[in-house]
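The values are calculated or read from the model by the stated rules, or taken from the named source; none is laboratory data. Please read these numbers as outputs of a predicted model, since none were measured by experiment. Using ideal geometry, Cβ is built from the backbone for each residue, glycine included, and neighbour counts are taken over all protein chains shown.
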Amino acid sequence: MSNYHIKHLEEYYQVYRKSIREPESFWEEIAEEHFLWRKKWDSVLDWDFSKPEISWFKGAKLNITENCIDRHLTTRGDKTAILFEPNHPDEVAEHISYNELYKRVNKFANVLKEQGIKKGDRVCIYVPMIPELAISVLACARIGAIHSVVFAGFSATALATRINDSDCKMVITSDGSFRGSKTIDLKGIVDEALESCSCVETVLVAKRINTEIYMKAGRDKWLAPLLEKASDVCAPEIMNAEDPLFILYTSGSTGMPKGMVHTTAGYMVYTAYTFKNAFQYKENDVYWCTADIGWITGHSYIVYGPLANGATTVMFEGVPSYPDYGRFWDIVQKHKVNQFYTAPTAIRALAKQGTDVIEHYDLSSLKVLGSVGEPINEEAWHWYNENIGKKKSPIIDSWWQTETGGIMISPIPYVTPTKPTYATLPFIGIQPALMDENGNELKGNQVEGRLCIKFPWPSIARTIWGNHQRYKETYFSAFDNKYFTGDGALRDEVGYYRITGRVDDVIIVSGHNLGTAPIEDAINEHPAVAESAIVGFPHDIKGSALYGYITLKDTGETRNHDNLRTEINQLITDRIGPIAKLDKMQFTNGLPKTRSGKIMRRILRKIASNETDSLGDTSTLLNQEVVQDIIDNAL
Ligand code: 7RM
């Protein structure tokens, strides 16, 4: 039996039990057998959730890029590591082998050193989805610099806030980026941001769109000539297990974004282990995660997890709608993608286009379909299963967070029987707990509460950059001795978990606790509905009542809104009960989304409660314009 690769349900239960009973010897064995260490650890795990302090593999020494690149060279040197698919389908895809990746990362690492970057320095990476993004991430890791990737769709203000918070010495960017039919002036955004960042000494600029751009003398440098001159050998910096690997910002419901700090060894072990199992990756598979490396999903499951397993990982520069809505399927066919990992918001947008476009493509290479980022509603789950998976590829609805570093609750494909809208079972080593409002753990099955994790796992974020107190308050103060996720969940009669949404989305109507996800599921079953979001608003009698924002499919037909309202409430009554009927329904042109595709309910809640003068920070919104429209038409 291999603990590293789970192949049967019985094996899952057996390994799971072992990982819970003897977590240290379990993870020690995984670490020992599957990674390259310069020195082994003195202790596997030290932890105290009350401080909170967590360390894994203390005393060990390693470099993560040796694990992701160097050690594969003898057996996989010519294998494609990164398969780059450009924005425009006519531009040829680039196959970067492990040999070539080794050289490009080392050259880049030498450039960083030459520009004065040392172990522990923070480097902000504001680069679109081109190979230089993955390469610069790995180059930082090669020399022990802490990367802070900022999604290249963020504004100058958002970028400046993040650069200043972690005091970055350098920014890596490109002249611009391609996104569908648009080009974006990234360097212009960096210039604007840097007006308020005195910490940045150097800006390295990759060429992508070949526009004339302003280069500030002494600060801005083109990458290509520096890379050309640099040696392609760079000895890896030998890191301590708990040295920071990267900072990644995640927005809280209030205040400054939180710079989550991930460290080296535990993060490596857990992302590699979960990648292997959650996607059942086999040696010659082609794996594609559609996320941007600017999000944790891209860090863990485009870069580190796949490369640590010697996998071929696709990086796609473009968007699902360009040049048309068949693009994802075109890429699956062209590169014979075996594992495909995307977000519910993308699935819904594609489902809205109907199935005709899919018919043109051969999707038979697909073996595993993944979903991440939001609860996947039932309608979207079935659409994905029937039209993309042809009912043959299991859907892994994987729940996790920036803070958790890796997948926490998810089916293992071909191992765990799936159930629509359920993330199903905890991953190996993960100990979830559901808590009631009084801080008691809800034991047994068929319970619903707040989702906590009661024991550390290797890739838990260790702190918030510069603010350990906030880390403690946000994650370790709501419940004694437990990590609080901020999500609500239920456990069904067989122990499967369903994530019901952020806990601040739980709405109490006349004393009934209602999760938003099941109500949205019911609404989305209506054939005219594309997407919906439910929030609560104050109500004299019920305490809270439900307000629904509903986007209709654009079929060209005009719909009678009163009839629709009746039909939708009937659906909710049928699926959940009259208690969950909506008091107000507003039909919208779109829903406010964060740049990572999550519906921003906080704003919708304010609008429903008539508090539109205090909308809070909207800088992470992708589509600011829908907000005014929703305000103007609010009920
Ligand atoms: C990976 C990622 C984290 C939040 C998390 C949840 C929600 C993510 C699922 C999900 C239901 C899922 N990191 N979430 N995955 N909800 N089912 N499969 O998205 O830091 O950006 O977001 O996303 O609310 O707390 S994240």
Whichever residue in region 172-209 is of a type in the set (Val, Ile, Thr) and closer than 17 Å to Ser619 by Cβ and, among such residues, is surrounded by the fewest Cβ atoms within 10 Å (Cβ to Cβ): Ile184
Any chance Ile30 is within 12 Å of Trp457 (Cα to Cα) and in contact (Cβ under 8 Å) with a residue 40 or more places away in the chain: no
The one condition in (1) under 20 Å from Arg142 (Cβ atoms); (2) of a type in the set (A, V, I, L, M, F, W, C); (3) within 30 Å of the chain's Cα centre (by Cα); (4) in a helix (DSSP H, G or I) that Leu226 fails to fulfil: (3)
Subset of region 403-426 [under 21 Å from Ser19 (Cβ atoms), away from the ligand (no atom under 12 Å from the Cβ) and not hydroxyl-bearing (Ser, Thr, Tyr)]: Ile412, Pro413, Val415, Pro417, Leu425, Pro426
For Lys7: the one exception among (1) within 19 Å of Met268 (Cα to Cα); (2) touching a residue at least 60 places away in the same chain (Cβ under 8 Å); (3) part of a loop (DSSP other than H, G, I, E, B); (4) not polar (S, T, N, Q): (1)
Subset tally (residues that are away from the ligand (no atom under 11 Å from the Cβ) and under 22 Å from the mean Cα position of the chain (by Cα)) for region 390-402: 2
Tally, over region 555-571, of residues that are among the acidic types (Asp, Glu) and touching a residue at least 40 places away in the same chain (Cβ under 8 Å): 1
Single unsatisfied condition, Glu386 versus (1) in contact (Cβ under 8 Å) with a residue 40 or more places away in the chain; (2) more than 12 Å from the ligand (Cβ to nearest atom); (3) acidic (Asp, Glu): (1)
Of all residues in region 47-96 being in a loop (DSSP other than H, G, I, E, B) and small (Gly, Ala, Ser), the one that is nearest to Gln333 (Cα to Cα): Ala93
Condition check for Ser459: under 18 Å from the mean Cα position of the chain (by Cα), polar (S, T, N, Q) and more than 10 Å from the ligand (Cβ to nearest atom): yes
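So that you can scan it fast, the table gives a plain yes or no per residue for (1) away from the ligand (no atom under 15 Å from the Cβ); (2) among the charged types (D, E, K, R):
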{"site": "Arg470", "(1), (2)": "yes, yes"}
{"site": "Ala478", "(1), (2)": "no, no"}
{"site": "Tyr483", "(1), (2)": "no, no"}
{"site": "Asp487", "(1), (2)": "no, yes"}
{"site": "Tyr497", "(1), (2)": "no, no"}
{"site": "Gly501", "(1), (2)": "no, no"}
{"site": "Ile507", "(1), (2)": "yes, no"}
Residue match in region 504-517 (condition: outside any loop (DSSP other than H, G, I, E, B), at pLDDT below 95, surrounded by 15 or more Cβ atoms within 10 Å (Cβ to Cβ) and touching a Pro at 6+ places or on another chain (Cβ under 8 Å)): yes
Residue identified as over 31 Å from the mean Cα position of the chain (by Cα) and at positive phi among Asn560, Asn610, Asn569: Asn610
Glu625, sole failed condition from (1) over 24 Å from Val150 (Cα atoms); (2) away from the ligand (no atom under 16 Å from the Cβ): (1)
Residues of region 542-575 satisfying the condition of being in contact with a Pro (Cβ under 8 Å, 6 or more places away or on another chain) and surrounded by fewer than 16 Cβ atoms within 10 Å (Cβ to Cβ): Arg575
Close pairs from region 401-425: first more than 13 Å from Phe275 (Cα to Cα), partner within 9 Å of the ligand (Cβ to nearest atom) and among the basic types (Lys, Arg), Cβ under 6 Å, at least 6 apart: Thr421/Arg498; Tyr422/Arg498
Glu448 over 25 Å from Tyr249 (Cβ atoms) and either buried (at least 21 other Cβ atoms within 10 Å of the Cβ) or within 15 Å of the ligand (Cβ to nearest atom) (or both): yes
Selection from region 306-365 of residues that are within 16 Å of the ligand (Cβ to nearest atom), β-branched (Val, Ile, Thr) and in contact with a helix residue (DSSP H, G or I) (Cβ under 6 Å, 6 or more places away or on another chain): Ile347
Residues (charged (D, E, K, R) and surrounded by fewer than 22 Cβ atoms within 10 Å (Cβ to Cβ)) located in region 375-402: Glu378, Glu386, Lys390, Lys391, Lys392
Within region 282-305, tally of residues that are more than 16 Å from the ligand (Cβ to nearest atom) and surrounded by 24 or more Cβ atoms within 10 Å (Cβ to Cβ): 2
